[in-house]
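The values are calculated or read from the model by the stated rules, or taken from the named source; none is laboratory data. If you're wondering where the values come from, they're calculated on a predicted model, not measured in any experiment. We place every Cβ from the backbone using ideal geometry, glycine too, and count neighbours over all the protein chains shown. The area values use the complete protein model at the heavy-atom level, side chains included, leaving out ligands, DNA and RNA. Shrake-Rupley method; radii C 1.70, N 1.55, O 1.52, S 1.80 Å.
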Amino acid sequence: MNKVSLPDFNQTIPIDQIGVEERVARLNSRSIKKESKVQGLKLALSMIDLTTLEGKDSEGKVIQLCSKAKKPYAPMPDLPTVAAVCVYPNMVSTAKKALNGSNINVASVATAFPSGMAKLQVKLDDTKFAVEQGADEVDMVISRGEFLKGNFSFVFDEIAAVKEACGDAHLKVILETGELETYENVRKASDIAMHAGADFIKTSTGKVSPAATQPVTLVMLEAIRDFYRETGKMIGMKPAGGIRKAKQALQYLVLVKETLGADWLTPDYFRFGASSLANDLLMQIVKQETGVYQSSNYFSND
Amino acid sequence: MSDRLEVLKTYKTYVGGKFPRSESNRIYRIENPGGKHIANACRCTRKDVRDAVVVARSAFDGWSGRSAYNRGQILYRIAEMLEGRKDQFVNELELLGAKKKNAQKEIEISIDRLIYYAGWTDKISQVFGTVNPVASSHFNFSMPEPTGVVGIIGPDESPLLSIVSLVAPVIACGNSCIILASTENPLSAVSFGEVLHASDVPAGVVNILTGNRDEMVNHLTTHMDVNAIFNAINDSETKKQLDENASISVKRVKHYSQSDWSEEKHENPYLILDFMETKTTWHPVGA
Amino acid sequence: MSETKEKTSADATNGSPKPTSPNADLKLDFASFWEYSSAPESSDFVEINEKYNHFINGEFVEPEKGRYMKSINPASEEILTEFAEGTSEDVDKAVQAARKAYNKTWSKLSGRERGKYLYRIARMIQERSRELAITETMDGGKPIRESRDVDVPLAAAHFFYYAGWADKLEYAFPGRKPEPLGVCGQIIPWNFPLLMLAWKIAPALATGNTVVLKPAETTPITALKFAEICSDAGLPDGVVNIVTGAGQTGSAIVNHQGVDKIAFTGSTEVGKIIQKSLAGTYKKYTLELGGKGPNIVFEDAPIDQTVEGIINAIFFNQGHVCCAGSRLLIQEGISERLIQKLKDRMETLIVGDPLDKNTDIGAINSKAQFEKINEYLEIGVNEGAEIYQSKCDLPENGYFCRPTIFTGVGQSNRIVREEIFGPVLTIQTFRTPDEAIEKANNTPYGLASGIWTDKGSKIFKVGQKVRSGVMWSNTYNKFDPTSPFGGYKESGIGREGGLHGLYPYVKLN
């Protein structure tokens, strides 16, 4: 890792809540029409981490999801594929097999997802297992309890250890911003994660409400921007949970475009953690092509 | 009658907490209605005006920065000091031809008027400030603040009471001021300066000039560092001239000529507000 | 356009020395990918007449002298309409109509009924909001995002707010009984045409006065559409009269014997002329004049929100805002970082077709203003300041100006002292709060200021010392009908908005 002196995480970077929300409202007033809309919808589709993270997940469901990932909508074979399929560790090998021959990554949650309430060794074993099973990307959770307690070095060390356990796999660090509550906490957790070695920072597990929000995402994007200015290193961003509609996805892309610029508008640096978003994007894409409003009856639920 | 020779008072100006003579060293005669010489008053010049404005400006920050409670106490202290010198003022007014009864009444009302305004210092922003329920996520409130340096042009009648009535609302809320006293009857104003001096009023908050008002009034009312004018002269030409002078730096002008200064209507918080500016502050409400 | 950029993390980590912060070599590329397609607001259904007359005594009447002026769309330089040029005869007719309405109808109505008319007007502004927003944008050049989201909703809100006061005035003035003044002459500027009309007319009518209003000569149309609304609302004839024209028409209003009160919003220069013209009369007046607002940023400010606040402070409405935060004062320690962020943000501002929903900065309101701004840009450069402008594309026609910042300026520079009224920001630094306060106050103006810090007590200290009518802390350019607005010093006399906005329209008995 680049030798950049660590900030003092006990110092809080002030963030004005209303200012953040006003900025988001203003960005939401961007009107994305015509070609830019089609381009944005397809871009969003290519950025999806198609996700299933339920106790009742079966191999059959994962395989079905993978086929959706590879070919989102059969009548339009030229559409981009999604970026990754995101599953629990014990489903990684199934997903890996099902995606064989595609460029789609397998992402696995790990580290006692979603609560993270386990010993470090358990988390490291969980991580190593996912990587051994073939995960290209690992989505870890931070220890929110330790963070809220003010034990920032614990959080930092844990992320660094998981990063090491990941080997070549990319590490996404889930902050679970719904539990951190304030934007200042979100900012601090983002900084800790990036300095500890995260390749991506991610808002949420999807198991806590609120999950991803645009203001939280904006705060994280700004943290990424400052980190880039400081270190020259580009970190990726993944909002996850609650993003179901194409319109929301476009709004997120506007946030990225106007905060970090074009270089981040790629699946390498931006992902959506979502499951039902894909279909809404597809319906909008088909509407743009045909001029006809679509029904969900014509799109597979996976 | 004692054989003792009375000590006469030299009337000077009151500027910056001191009692200087006019820089010009000019004086003019003050006589009683019978033509008897009473005193020599300073005949101030534009340079005295200039100096007084500088002094008033430098006193403004400190005075407006005092707590409202402290300003109220000081105004009350002025009333206390005036009460103690009642006889002096009665005599002075009598010398100039006033009836004793009227002179007594004038000073008593002056004292009470000071007490009236002393009580407003810490209430004006409660009564006239507002919290404004804006539609966005902001806390928003408006508070009156003093306008700054005020030029006061005193009338010829009720030479003590009129000056008290004009000065009290102006300084109650934190302004500093320069008074052009009546040309004819300047003595009570100068003596009032002595009361102010003995009352913990910080130097420069009130400055009193005497002389030929016509020689000074344009210099005071065009002065770019004067923020407002409180005029008690009822003359349409003068008023028009003051208005025009004010326009060169957007001064606030309050014309307030009165025939009877003893009326209760002069005790009025709206006269304080005339020399205040409303400042509105916004701040987001967030966590 | 994308210049040399460090794309991969590997480049930066290969044993290169520790980059300094901010790392100015690293460019963010806001332009090369995913450009927004044009998203113009359709103006098809908006009718703008070929010719507009004065609105006097409830009717549209031709000007006595029969002369007309032209209003152009500053984004296309095309003529939008012709409107009457008011002479003293027209003004006289309007004042008489207002006097008659005051005597015969308006002063006889109960506050409750007056309020109900204002509520009607508020509703009709809301109903016609889209049309009004589009018209405002076409006539004045401001982005549709602002006319739609700020000007028109706030105008309606102003009528709604003051409507409620009409029957409650006795609660506004402790110990006094308020009475209307009579006929109010009102002269408004071109930067917020309909909104300024609302600021003027709503409190005047609520307190029982009648009005003669003159909109600015570059932006008369929404005022004339407002006249239609007055008709549709059934407002008694003569309560609101609109006379159009330029400075001479305004002067006729100011000097008319039958006017009891003048309310003016515009430049300090004209404000002084008006104040002088009113010398020796008994007309009351309020003046909302110019500004050179200091926007003070301390090193503990919430920096990314501050950047947004700076953008709002100076680039809102092309900088045609009397309360614009046109003097940025940055605490030295964060100045380099803040300016870097500001420049990045400026690159994302879209300048262009005001009717495009994505436009951030529209057209400069008029050719004269456009030339004035350009003159100041030249002055700034000649004074030795360093100029930075965003690299956005500008349309070929119309009056457009790139967002501009000047660094390396001193307190004595003309661009620091004089109101430019355009998208031009000067940047100075300071070291201590006292220095910031001193620089902030070192101006004849005192309309609005901004302060950015995370420390509450500093806001109160600095906020108290800076002499201005509005103090935006950790925000900027926010407006609300309940919030009083107006200047200290040469920025004006009196307040508009809120309870305080009633004072200028009453006499207290």
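For B:S67 and C:D149, the FRET efficiency from 1/(1 + (r/R0)^6), where r spans their Cβ atoms and R0 equals 41 Å, is about 0.45. Once both labels are positioned 7 Å from their Cα atoms along Cα-to-Cβ, the gap between A:F129 and C:K51 label points is 8.7 nm.
Around A:M237, which amide H atoms from residues at least 5 apart in sequence, or from another chain, sit under 5 Å from its own amide H, with H modelled in the peptide plane? Amide H to amide H, under 5 Å and 5 or more residues apart or across chains, A:M237 pairs with A:I201, A:F270, A:R271. Over the residues of chain C, the helix contribution to mean residue ellipticity at 222 nm works out to -10500 deg cm²/dmol, using -39500 (n - 2.57) for each DSSP H run of at least 4.
Per residue, the convex hull spanned by the alpha carbons of the protein assembly as shown comes to 190 Å³. Over segment B:166-207, all Cα pairs binned in 5 Å intervals from 0 give whole-percent P(r) values of 6, 21, 33, 27, 11, 3, listed from short to long.
In terms of Cα atoms, the Rg and Dmax of segment C:182-283 work out to 12.9, 40 Å.
For segment C:291-473, the spread of Cα positions along the three principal axes, ordered from largest to smallest, is 49, 30, 29 Å. Under the rule a/c < 1.5 gives rounded, and otherwise a/b versus b/c splits prolate from oblate, where does segment B:213-287 land using the Cα gyration tensor? Taking the square roots of the gyration eigenvalues as a ≥ b ≥ c, segment B:213-287 is oblate.
Once the Cα atoms are used to define both axes, helix C:332-347 deviates from the longest principal axis of chain C by about 70 degrees. Between C:S231 and C:Q464, full extension at 0.36 nm per residue minus the direct alpha carbon distance yields a gain of 79.3 nm.
Look at the dipole of segment B:27-284 built from charges on Cβ: of B:S162, B:V149, B:P284, the Cα furthest out on the positive end belongs to B:P284.
Between B:K101 and A:S276, the distance separating the two model label sites (each 7 Å from Cα on the Cα→Cβ line) works out to 9.3 nm. Let me make sure I get this right: for segment A:85-154, a, b and c are the square roots of the gyration tensor eigenvalues over alpha carbons, sorted descending. Under 1.5 in a/c it's rounded, otherwise prolate if a/b > b/c, else oblate. Which is it? Since a/c reaches 1.5 and a/b is larger than b/c, the shape of segment A:85-154 is classed as prolate. The listed residues A:V131, C:V211 rank as A:V131, C:V211 when sorted by accessible area, largest first, using a 1.4 Å probe. To check you understand DSSP bridge types, tell me what percent of the beta bridges within segment C:291-473 (both residues inside) are antiparallel, rounded to 5. In segment C:291-473, DSSP labels about 15 percent of beta bridges as antiparallel.
Between A:A84, A:A193, A:A74, the residue with the greatest mean-square fluctuation in the GNM of chain A (Cα pairs under 10 Å linked by springs) is A:A74.
The calculated pair-distance distribution of segment B:1-132 uses every alpha carbon pair, bins of 5 angstrom beginning at 0, and gives 2, 9, 11, 13, 16, 18, 15, 8, 4, 3, 1, 0, 0, 0, 0 percent.
Here the Karplus curve 6.51 cos²θ - 1.76 cosθ + 1.60, taken at θ = phi - 60°, turns the phi angles of segment B:102-112 into couplings of 5, 4, 4, 4, 4, 6, 5, 5, 4, 4, 5 Hz, with x standing for Gly and Pro. Principal axis analysis of the Cα atoms in chain A yields extents of 55, 43, 32 Å, listed in decreasing size. Close amide H contacts of B:N231 (hydrogens built in the peptide plane, cut-off under 5 Å, sequence separation of 5 or more or a different chain): B:I153, B:K254, B:H255, B:Y256. The simple Förster model, with R0 at 35 Å and r as the Cβ-Cβ distance, assigns C:I387 and B:S136 a FRET efficiency of 0.55.
A 1.4 Å probe run over segment B:111-164, with the rest of the protein chains in place, finds 32 Å² accessible per residue. Treat each spin label as a single point 7 Å out from the Cα along the C-beta direction, and report the B:T10 to A:V292 distance in nm. Inter-label distance under the simple model: 10.8 nm.
Remark: C-alpha extents of chain C on the principal axes read 87, 51, 39 Å, sorted largest to smallest. The listed residues B:E94, B:E277 rank as B:E94, B:E277 when sorted by accessible area, largest first, using a 1.4 Å probe. Computed 3J(HN,Hα) for segment A:277-293, one whole-Hz value per residue from the Karplus formula 6.51 cos²θ - 1.76 cosθ + 1.60 where θ = phi - 60°, is 4, 4, 5, 5, 4, 4, 4, 6, 5, 5, 4, 4, 6, 9, x, 10, 5, glycine and proline marked x.
For the segment A:227-239, counting C-beta atoms of other chains within 10 Å of every residue's C-beta and taking the mean gives 5.
Here the Karplus curve 6.51 cos²θ - 1.76 cosθ + 1.60, taken at θ = phi - 60°, turns the phi angles of segment C:183-195 into couplings of 9, 10, x, 10, 10, 10, x, 9, 7, 9, x, 6, 5 Hz, with x standing for Gly and Pro. Each of B:V190, B:V53, B:G34 was scored by the projection of its Cα onto the charge dipole of segment B:27-284, and the greatest displacement toward the positive side belongs to B:V53; charges sit on the C-beta of Lys, Arg, Asp and Glu.
Annotation for the A:C interface, with buried accessible surface near 4300 Å², both sides summed [1.4 Å probe; non-protein components not counted].
Note on C:R120: accessible area approximately 120 square angstrom, rounded to 10, probe 1.4 Å, nucleic acids and ligands left out. Once the mean of 1/r is taken over each pair of separate Cα atoms and inverted, segment A:147-246 shows a Kirkwood hydrodynamic radius of 13.5 Å. Cα-based radius of gyration for segment B:27-284, normalised by 2.2 N^0.38 Å, reads 1.02. Within segment B:228-251, the residues that become at least 40 Å² less accessible when every protein chain is included than when their own chain is isolated (1.4 Å probe; DNA, RNA and ligands ignored) are B:D243, B:E244, B:S247, B:V250. Evaluate the Debye formula for segment C:210-264 with equal point scatterers sitting on the alpha carbons, no solvent, and hand back log10 of I(q)/I(0) at q = 0.25 Å⁻¹, in q order, two decimals. For segment C:210-264 at q = 0.25 Å⁻¹, log10 I(q)/I(0) is -1.05. Largest GNM mean-square fluctuation across B:M276, B:M81, B:M143, computed for chain B with C-alpha springs under 10 Å, falls on B:M143. C:L181 exposes around 20 Å² of accessible area when a 1.4 Å probe is run over every protein chain in place. Summarising the amide proton neighbourhood of C:Y285: residues at separation of 5 or more, or on other chains, whose placed amide H is nearer than 5 Å comprise C:I262. The figure for A:K70 is an accessible area of roughly 80 square angstrom, using a 1.4 Å probe on the protein chains alone.
Exceedance of the 30 Å cut-off in Cα-Cα distance is limited, within the set C:K367/C:K439; A:K33/A:K202; A:K247/C:K367; A:K97/A:K207; A:K233/C:K461, to C:K367/C:K439; A:K247/C:K367; A:K233/C:K461.
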